[in-house]
Amino acid sequence: MHTVVLATQKGGSGKSTLAIGLALAAKKAGQNVRLIDTDPQGTLSNWQSRRGIAEPMVETIYNVGRIETRLEALARGGVTLVVIDTASGVSATTAAAIRCADLCLIPARPSITDIEACAATLKAVRGWQKPFAFVLNQTPIRGRRIDNAALALGDGAAREMSDVLAQPFIAMRNDHQDALACGLAVSEYAPTGKSAEEIGQLWRWVEARLGATASKPAAFPDASFPLVPVAAQSGETASAPRAGWGDGLAPWDAGL
Ligand SMILES: Nc1ncnc2c1ncn2[C@@H]1O[C@H](COP(=O)(O)OP(=O)(O)OP(=O)(O)O)[C@@H](O)[C@H]1O
Ligand SMILES: [Mg+2]
């Protein structure tokens, strides 16, 4: 059984949306999936109430000491994938979830404030020597802003970009909000839509990463974080003005 934890201290980054999306994409791919909601806000639990379908089951665990034993029981019961949603902020429950993770996914919107907010989560993940990857979420369809965010995350983690930056980026689209509003995942709400396609591809990336990390222990070099997004253009010196986040090419609502 694999355990994937969605965590970042920044609120509204997409932890719950991606947890649901990935869980349903994995279920569609044949996994026996359980969702665990450790956020007292209850986003996953509320979603399941609206859903009115038992599968995939959502369990709430707010007690730090229960996570590990529950995961052991689920593994014995034949669950193959557990996706844990965590609350924003830094809490003992989130730390306990991270400690049990086979892979931590850290969602970030492509803005400097979101990326700066990843630092605390990254520190906890590194503390437990857990494999991790950032997921750029709510991105405009195209634009330099995304590349800048991707560069900042990759540099901040001081790892190969292909290891730490999940693919594809998840664009901002109404399908995600509309699906959750009616207790569905994007793969159910609009199975042939772009959002479902991206989430399906993201699941395949996560699945491959889970396979890879099982055979390769992670290395954790130290790096200062957060950092300033670096311009990709050649010829700039390190102290030269960096590229801005706003690129004037794609409005934030380009993907709606
Ligand atoms: N790719 C996306 N496209 C459009 N809307 C999105 C996307 N991802 C998330 N959202 C919306 O952004 C809002 C925040 O998402 P979500 O609740 O998943 O974040 P969160 O990190 O779980 O927040 P919290 O920290 O409060 O638990 C929600 O309204 C959600 O529907
Ligand atoms: Mg949430």
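Before moving on, here are some points about what is shown:
- Those lysines that a straight Cα-Cα span of less than 20 Å connects to residue 123, excepting residues fewer than 8 apart in one chain: 10, 15
- Peptides 119-126, 65-72 ranked from most to least packed by the mean count of surrounding Cβ atoms within 10 Å: 119-126, 65-72.
- Mean Cα-pair separation over length for region 2-211, i.e. relative contact order, pairs under 8 Å, 6 or more apart, %: 26 percent
- Protection proxy ranking of 101-112, 32-43, by the mean of other Cβ atoms within 10 Å over each peptide's residues and highest first, is 101-112, 32-43.
- 5 angstrom amide H check on residue 109, placed H, neighbours 5+ away: 137
- Rounded to whole numbers, the Karplus 3J(HN,Hα) couplings from phi for region 45-51 are 5, 4, 4, 5, 4, 5, 5 Hz, using 6.51 cos²θ - 1.76 cosθ + 1.60 with θ = phi - 60°, and x at Gly and Pro.
- Projected label points at residue 212 and residue 68, each 7 Å from Cα along the beta carbon direction, are separated by 2.9 nanometres.
- Peptides 87-100, 8-21, 127-140 ranked from most to least packed give 8-21, 127-140, 87-100, packing being the mean of other C-beta atoms within 10 angstrom over each peptide's residues.
- Total charge dipole magnitude, region 2-211, about the Cα centre, Cβ charges on Lys, Arg, Asp, Glu only, Debye to nearest 20: 80 debye
Every read-out reported here was derived from the displayed coordinates using simple, explicitly stated rules and does not represent laboratory data. Keep in mind the model is a prediction, meaning the values are calculated, not measured. When we count neighbours, we look across all protein chains shown, and the Cβ atoms used for this are built from the backbone with ideal geometry, even at glycine.
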